[in-house]
1. Treat the range 1-98 as a sphere of radius equal to its Kirkwood radius over Cα pairs and apply Stokes-Einstein at 4 °C in a medium of 1.567 mPa s; give the translational diffusion coefficient in µm²/s, rounded to a whole number.
2. Please compute the modelled spin-label separation between Ala42 and Ala252, points set 7 Å along Cα→Cβ, answer in nm with one decimal.
3. Counting Lys and Arg as +1 and Asp and Glu as -1, each charge on the Cβ, what is the dipole of the range 189-317 about the Cα centre in debye, to the nearest 20?
4. Based on the Cβ-Cβ distance of Asp90 and Arg330, what FRET efficiency does E = 1/(1 + (r/R0)^6) give at R0 = 35 Å, to the nearest 0.05?
5. For Lys237, go through the lysines and keep the ones whose alpha-carbon is under 20 Å away, minus same-chain ones fewer than eight residues off.
6. For Arg63 and Asp211, calculate 0.36 nm times their separation in residues minus their Cα-Cα distance, and state this gained length in nm to one decimal.
7. Okay, which of the range 134-177 sit inside 14 Å, backbone N to the point 7 Å along the Cα-Cβ direction of Lys70?
8. If contacts are Cα pairs under 8 angstrom and at least 6 residues apart, what is the relative contact order of the range 102-312 in percent?
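Only the coordinates and a few stated rules stand behind these numbers; no lab work does. Nothing here was measured: the structure is a model prediction, and the numbers come from that model. Don't worry about glycine lacking a Cβ; one is built from the backbone with ideal geometry, like all the others, and counts go over all protein chains shown.
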Amino acid sequence: MLRDADGTPLPQRFGPYVLFDLIGRGGMAEIFLGRTFTRLGAPRLVAVKRMLAHLSADAQFGRMLIAEAKLCASLRHANIVQVYDLGRIDERLHIDMEYVEGLDLHRLLRLCTRRQIPFPPEYAFFILEEACRGLAHAHRAVAEDGRPLRIVHRDLSPTNVLVSFEGEVKLCDFGIARAAAEALPPDEAAAEAETLRGKFAYMAPEQARGDPVDQRADVFGFGILIWELLAGRRLYKGGNDVETLRLARDAAVPPLPRRGRPWEDAAQALLDRALAPRPADRFPDTDALHDAIRDIILGFDIRCSQLGFAEFLRAHFADEVVPLRRDRERALDLIAPPRHAAGENGDGPPGGLERRTHRPNSTML
């Protein structure tokens, strides 16, 4: 039986949501697949990111989650997971996000290895171009007054690149992203600069040293994604966090493995620039990085459509995700049938499920 971090079994009610599957768990929050209903009573699947109970009373973590939601809610792009809502239920902060039915890149590549399915390079280039579009959009984002937000994702690892069975590619989890330091109070900005966050294996060397970072750190992190997708293996192979952090600080990147592919020289030239140890030697921004990826695709006639990528994913991996999700959703229907979803005014939570929480006190932030 699936349970949350508190030991409460799923499915469970959480305000207007019924949480019935656990998508992911980190040190700050859990992400659930949930079902809610529109005001007309139509069911809607959502991903609900809920802060862990022991952090709910921590003001600093609360600010981080709120900042993440507000930051992501300002980003509207086909290659970025959309944030729909931010609130507080039973003193627990949560973010209501778009549910992407598919796989993250880490799981996709592991399944390819396990099933001995070669990952075609045309799909790698398709993923890279689409993900880079989303990152470039985030980097260009501005506030309502036109001030550049200067967002830095700082965690461009394969688990934060999602691919759907419709062939979509979306960046997610800007949970450690930050806007420009001047947007923070001075004491928080100083603490931010001194804190290491993110996965060591995907850090730019300046980030691994704890130095201030700008968007060129994301260029480096994205360069690691490029290297790993084209090489078919991890870049840094540290035996533990300490060793991986040392490798990230040194930024000693080996050449891309040679396999006689026609685009290898062009890809190596791109990587030499994206993975330059000094930020000044990298691509100046992700628009330039995207253009370099696109030049390789066009220059070497690398063809891949979203439909073709979707067919590949469905043919090989849909059986790992879709049947299990649908089985759990069908089991949920036995407890909370959709026809009883709407309340008297058509906007209430689904009925029929034994309540496991206090009456929600939902507050929009």
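1. On the way: Rh = 13.9 Å.
Translational D for this selection: 93 µm²/s.
2. 5.7
3. Numbers: 18 positive and 20 negative charges, 116 e Å.
Around 560 debye, computed over the range 189-317.
4. Working: r = 28 Å, r/R0 = 0.79.
For Asp90 and Arg330, the calculated efficiency is 0.80.
5. The qualifying lysines are Lys199.
6. Working: separation 148, 0.36 × 148 = 53.28 nm, distance 2.25 nm.
My answer for the length gained is 51.0 nm.
7. Inside the label zone: 143-145, 149.
8. On the way: 281 pairs, mean separation 52.0, N = 211.
Computed value for the range 102-312: 25 percent relative contact order.
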